Amino acid sequence: MVKVTKEAARQNHQDLLRATGQMMRAKGVSVATVANIAAEAGLTHGAIYRHFPSKDDLAAAAISADFDTIVALLTQIAALGGSLADYYRAYLATDHRDYFVWGCPVAPLAAEINRTAQPIKAAFAEGLERNLNAIADLSGIPDKAEARGYAVSALAMLSGAMAMARATQVCDAELSRQILDQSLRTLLADPRIAI
């Protein structure tokens, strides 16, 4: 039996989380089976179970990792002196619509999460909470309650618009683009955020 180095094990762990997150965003949590994930990540079933005791634990960890990426992006935007306007433009871009396996987990997973196991629901709720806090922080709205309300509304508009744009992309490309454009205009028109 070949011994896996710590670095290789760490890389396998990251590859597994990436492959799981991408598969869940592209095809749904229920379709992201251990066999499908193992094939995508280039690992065996046994290797997956050395990292996670169950598919539910793997899915929950992948969702947490996806939200880590989104929160890190918002933190980076703030550190570089950017604003929510920068985030909104990237979120509502056609690239994010078309290549959503790399994007935010909210739009592709929100409708399905309630039908999943408790660890997955908990990871999604915790990640969503961190996402909302990062948006509230970047909003610059001084009143905490107002900033929180703003973040909830903004993320609901972003994820809802993206879900609608993806749903209409093939059959009505003009409507899909209109959904993205109008949502962006509405978000950017809010006088509380810097453009």
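Just so you know, all these numbers are worked out from the coordinates, no wet-lab data involved. Values in this document were obtained by computation on a predicted structure and should not be read as measured data. Note that each Cβ is placed from the backbone with ideal geometry, even for glycine, and that neighbours are counted across all protein chains shown.
Over 25 Å between Cα atoms: which of Lys6/Lys55; Lys27/Lys55; Lys6/Lys121 fall into that group? Walk me through the intermediate numbers first.
Numbers: Lys6/Lys55 23 Å; Lys27/Lys55 15 Å; Lys6/Lys121 30 Å.
Correct reply: Lys6/Lys121.
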Per the C-alpha gyration tensor (a ≥ b ≥ c, the square roots of its eigenvalues), the range 1-156 is rounded if a/c is under 1.5, else prolate if a/b beats b/c, else oblate; here it's prolate
Exposure-ranked with fewest Cβ neighbours within 10 Å first, Met23, Met157 stand as Met157, Met23
When the charge dipole of the chain is computed with +1 on Lys and Arg Cβ and -1 on Asp and Glu Cβ about the Cα centre, the Cα farthest towards its positive end, among Leu80, Gln178, Val34, belongs to Val34
Inter-part gap, Cα centre of the range 42-109 to Cα centre of the range 128-190, in whole angstrom, is 16
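Rounded to the nearest 0.05, what FRET efficiency do Thr168 and Thr5 give with R0 = 41 Å and r taken as the Cβ-Cβ distance? Could you check?
0.30
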So the FRET efficiency between Leu73 and Thr94, C-beta based with R0 = 22 Å and rounded to 0.05, is 0.75
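Relative to the Cα centre, what is the charge dipole magnitude of the chain, using +1 at the beta carbon of each Lys and Arg, -1 at the beta carbon of each Asp and Glu, and rounding to the nearest 20 debye? All intermediate terms of the calculation are to be shown ahead of the outcome.
Numbers: 19 positive and 20 negative charges, 83 e Å.
Roughly 400 debye, rounded to the nearest 20.
Counting other Cβ atoms within 10 Å, which GluC sites (Glu not before Pro) in the range 107-178 have at most 16 and lie in a DSSP loop? Don't skip to the end; give the middle numbers.
On the way: sites: Glu112, Glu126, Glu129, Glu146, Glu174; in loops: none.
Hits after loop and neighbour filter: nothing returned.
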Least to most buried among Val170, Val71, Val31, Val106, by other C-beta atoms within 10 Å and fewest first, runs Val170, Val31, Val71, Val106
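Rounded, prolate or oblate: pick one for the range 132-195, where a ≥ b ≥ c are the square roots of the eigenvalues of its C-alpha gyration tensor, a/c under 1.5 means rounded, and failing that, prolate if a/b is larger than b/c, else oblate. Walk me through the numbers before you get to the answer.
Values: a/c = 4.04, a/b = 2.29, b/c = 1.77.
The shape class here is prolate.
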Fewest to most Cβ atoms within 10 Å: Lys55, Lys144, Lys27, Lys6 sort as Lys6, Lys144, Lys27, Lys55
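What value, in deg cm²/dmol to 500, does the helix sum -39500 (n - 2.57) over DSSP H runs of n ≥ 4 give at 222 nm once divided by the residues of the chain? If you can, show how the numbers build up before the last one.
Details: 10 runs with 146 residues, N = 195.
So the helix-based figure for the chain works out to -24500 deg cm²/dmol.
Counting only other residues whose beta carbon sits under 14 Å from that of Ala35, what net charge do I get with K and R as +1, D and E as -1?
Details: positive: Lys27, Lys55; negative: Glu40.
So the environment of Ala35 carries a net charge of +1.
Within the chain, which DSSP H helices have Cα atoms that stretch 24 Å or more along the helix axis and a mean Kyte-Doolittle hydropathy of at least -1.0?
Answer set is 55-79, 118-139, 144-168.
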